[in-house]
Every structure is written in C-alpha cells, then in structure tokens.
Amino acid sequence: MHPRRRATLSLLACAAVAPSTARAQGASDPIVQPGEPTPAAFLKRAFEMRDLALRNGDQGYGAVVVRDGRIVGQAPSRTVTATDPTAHAEIEAIRDAARRLRTRDLSGAILYSSFRPCSICETAAHWANVARLVHGEAGTDAGAPRTPRY
C-alpha cells in the first residue's frame, strides 16, 4: 500500500473515534515553554496557535492556558477542521490543560487568547476555575471569567 494512502487511512481511523479521543492523542506531546515566562511570551504563543489554525484552514483563533508560569495547555481553533462547533481555541486549550494535568480544576490558571473569548468560552473558563482572561495584541486583562446573565 502506498505510504500516503496508509497515512490517510490512519487519519480516517482516528476520525472515526470520538473527536475528543483523537485530539487527546496529542496531549502527551511536550509543550515547548517560552524562554522567559512573561505575559508577552504567553500572548505570543496564543498568536502562534492562531497562525497554526489559519495554516490548517481553520478560523484565526489561538489560546494557551498558563499556571504557575508554565503553559499547561494550548490549542488552535478546530471548529472547521474537526467539524465541531464547540472546538473554539479557548475550549480546546482548556481541554488540553485538563487532560495534561488530569483534573478539570484549573484554579489559578490564566487563559491567554488571540481574541476576546466568546460567552461560551468564558463560561467554560469559569467552570474550569480559570482565574483570569487575557486577550488580544495589547494583552487586555479581562479579569475573572463570568457566566452570562440572562
């Protein structure tokens, strides 16, 4: 069998598994930490995730979760490539951090994203106990995540 065809079949087999299972396979990959653990460096990584999303043909959003000065989760948007309307970069980064840390409690973490998180992402950050949201090129501190008021 041709190597390209074998790779395609392998990808299709992964896609046949639940989407979160296919994504979880990458969670064991080590995260390369920035040289200096600064807010600017973490925002830069969120924008690198955004660029990755664009290169992959997805929407231009990226996010990282930082706790104790280390990136513990990161992700580009996957809403298009995973055909999953909930695969926003922020939610994917929260999922990645939860898998890596083996807990849903991200108390003390800061979510850095390339753009202001939508209400769904902000609510997910709230329920994960993320302490603060920082977004955009200017590094706007949006404070603690809140759930929408109805």
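The values are calculated or read from the model by the stated rules, or taken from the named source; none is laboratory data. Remember, it's a predicted structure, so these values are computed and weren't measured experimentally. All Cβ positions, even for glycine, are placed from backbone atoms using ideal geometry, and neighbour counts span all protein chains on display. Only protein heavy atoms, including side chains, enter the accessible area calculation; ligands, DNA and RNA are left aside. Shrake-Rupley method; radii C 1.70, N 1.55, O 1.52, S 1.80 Å.
Residue pairs whose Cβ atoms lie under 7 Å apart, separated by 6 or more positions or on different chains, with the first residue in segment 80-91 and part of a loop (DSSP other than H, G, I, E, B) and the second among the aliphatic types (A, V, I, L, M), are HIS88/ILE120.
Among the residues of segment 32-50, those identified as open to solvent by 70 Å² or more (accessible area, probe 1.4 Å) and assigned to a loop (DSSP other than H, G, I, E, B) are VAL32, GLY35, GLU36, PRO37.
Among the residues of segment 112-145, those identified as under 14 Å from ARG50 (Cα atoms) and either part of a strand (DSSP E or B) or open to solvent by 30 Å² or more (accessible area, probe 1.4 Å) (or both) are TYR112, SER113, PHE115, ARG116, HIS135, GLU137.
Considering ARG50, ARG67, the condition of being among the charged types (D, E, K, R), out of contact with any strand residue (DSSP E or B) (no Cβ under 7 Å at 6 or more places or on another chain) and closer than 17 Å to PRO39 by Cβ is satisfied by ARG67 alone.
Considering only segment 51-63, state which residues are within 13 Å of PRO117 (Cβ to Cβ) and either open to solvent by 10 Å² or more (accessible area, probe 1.4 Å) or among the hydroxyl-bearing types (Ser, Thr, Tyr) (or both). Working first, answer last.
Going residue by residue through segment 51-63, those that are within 13 Å of PRO117 (Cβ to Cβ) are 61-63.
Once the filter is applied, which keeps residues that are within 13 Å of PRO117 (Cβ to Cβ) and either open to solvent by 10 Å² or more (accessible area, probe 1.4 Å) or among the hydroxyl-bearing types (Ser, Thr, Tyr) (or both), segment 51-63 yields only TYR61.
Scanning segment 62-83 for residues that are in contact with a helix residue (DSSP H, G or I) (Cβ under 7 Å, 6 or more places away or on another chain), under 10 Å from ALA97 (Cβ atoms) and of a type outside the set (Gly, Ala, Ser) yields VAL64, VAL65, VAL66, ILE71, VAL72, GLN74.
Please indicate, with yes or no, whether at least one residue in segment 64-72 is buried (at least 20 other Cβ atoms within 10 Å of the Cβ) and farther than 18 Å from ASP29 by Cβ. Within segment 64-72, none of the residues are buried (at least 20 other Cβ atoms within 10 Å of the Cβ) and farther than 18 Å from ASP29 by Cβ. Residues of segment 80-95 that are surrounded by fewer than 17 Cβ atoms within 10 Å (Cβ to Cβ) and aliphatic (A, V, I, L, M): VAL80 alone.
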